[in-house]
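See structure below.
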Amino acid sequence: MASASFPAEWRDILLQRVPFYEQLQPDARARFETKLVSFIAEQHFQSASLEITTEMKVVVAAAACRLTMNLDWHSYRRLATISLRAEAWKKGDRLVAGLADGIGVALCWPELLAEFALPRRGHNVGYHEFAHALDGADGVFDGLAEGPPDAELYAHWSSIVAQARRRVVDAVAARRAPPIREYAGTNDSELFAVATEYFFERSNTLQRQLPELYDLLKKFYRQDPAVETPSDVVIKIERPTGLRRLAFDWDFDDEGVDG
Ligand SMILES: [Zn+2]
């Protein structure tokens, strides 16, 4: 049952901007809304170039809380600041739309909005950076996210992540299509962040390509998006007008919908 106290304005924003929201079952939606309310109350949003709006807070929180909606520990406890930017920016020689360090997440707002409007492509800079925040909650970005004491979950975590990364790296070296985006081969932390994007947006692809990794994320996030938000559901959301996709150095895999 959706919470009666959840602001109607926030619900309208979610329905307009965040396609998965409409797909959530009532009990899941209630958990998600509860997380979203506390996330917005706890986090500090800032921007040098944009005036922070309710829509921004709700959409950013939706990305963060999709990951943690079924987790009952405080997963973003180290996070102090969320910074929004009007454009992608240079980091070294790369153009980036998001960054996460130990205490903050920075996101390019138009990119986040555009990627929510184009689900099923396996790209969501919000999921990516908040996955890094979960990974780095213990102070180390190593692709191993802090969670509850669960020996079974953690027994094979690092080897599953390392194996998946090896599959990506080997495929790229052999000029074959990697099982998930090439950038996942960068290090274990990027593997976890990219795999999280796939987990929620191309769950069937991840489950088919890297079943052990899918299973690990399913246990960690306590969600099964391949079943709960199947990708054959037609997404009705319209792409926001005036937004163009930014050109990144990461590759695009246009395999179409998950099969
Ligand atoms: Zn990353």
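Considering segment 133-165 alone, what residues qualify as being closer than 15 Å to GLY185 by Cα and either touching a strand residue (DSSP E or B) at 6+ places or on another chain (Cβ under 6 Å) or part of a helix (DSSP H, G or I) (or both)?
SER158, SER159, ILE160, VAL161, ALA162, GLN163, ALA164, ARG165 - these are the residues of segment 133-165 that are closer than 15 Å to GLY185 by Cα and either touching a strand residue (DSSP E or B) at 6+ places or on another chain (Cβ under 6 Å) or part of a helix (DSSP H, G or I) (or both).
Determine, yes or no, whether HIS156 is at pLDDT 85 or above and either more than 18 Å from LEU67 (Cβ to Cβ) or over 14 Å from the mean Cα position of the chain (by Cα) (or both).
Yes, satisfied.
Only strands (runs of 3 or more DSSP E) wholly contained in segment 47-100 count here; list those with 3 or more residues that are within 16 Å of the ligand (Cβ to nearest atom) and out of contact with any His (no Cβ under 8 Å at 6 or more places or on another chain).
89-91, 94-96
If you go through segment 108-130, how many residues are more than 12 Å from the chain's Cα centre (by Cα) and either within 16 Å of the ligand (Cβ to nearest atom) or without any contact (Cβ under 8 Å) to a residue 24 or more places away in the chain (or both)?
Total meeting the criteria: 2.
Among the residues of segment 75-89, write down those that are surrounded by fewer than 18 Cβ atoms within 10 Å (Cβ to Cβ) and within 20 Å of ALA145 (Cα to Cα).
Passing the criteria: ARG77, ARG78, ALA80, THR81.
Considering only residues that are part of a loop (DSSP other than H, G, I, E, B) and aliphatic (A, V, I, L, M), look in segment 177-230 and name the one that is farthest from the ligand (Cβ to nearest atom).
ALA177
So that you can scan it fast, the table gives a plain yes or no per residue for (1) at pLDDT below 95; (2) surrounded by fewer than 20 Cβ atoms within 10 Å (Cβ to Cβ); (3) within 29 Å of ASP150 (Cα to Cα):
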{"residue": "GLN25", "(1), (2), (3)": "yes, yes, yes"}
{"residue": "GLU51", "(1), (2), (3)": "no, yes, no"}
{"residue": "MET56", "(1), (2), (3)": "no, no, no"}
{"residue": "VAL59", "(1), (2), (3)": "no, no, no"}
{"residue": "LEU67", "(1), (2), (3)": "no, no, yes"}
{"residue": "TRP73", "(1), (2), (3)": "yes, yes, yes"}
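How many residues does segment 73-102 hold that are free of Cβ contacts under 8 Å to residues at least 24 places away in the same chain and within 28 Å of ASP224 (Cα to Cα)?
The qualifying residues number 1.
Given the structure, is VAL105 among the β-branched types (Val, Ile, Thr) and within 16 Å of the ligand (Cβ to nearest atom)?
Against the criterion (among the β-branched types (Val, Ile, Thr) and within 16 Å of the ligand (Cβ to nearest atom)), VAL105 qualifies.
Go through segment 1-16 and report how many residues are more than 16 Å from MET69 (Cα to Cα) and buried (at least 19 other Cβ atoms within 10 Å of the Cβ).
Qualifying residue count for the region: 2.
The values are calculated or read from the model by the stated rules, or taken from the named source; none is laboratory data. Owing to the predicted nature of the structure, the values given are computational and were not obtained by experimental measurement. Using ideal geometry, Cβ is built from the backbone for each residue, glycine included, and neighbour counts are taken over all protein chains shown.
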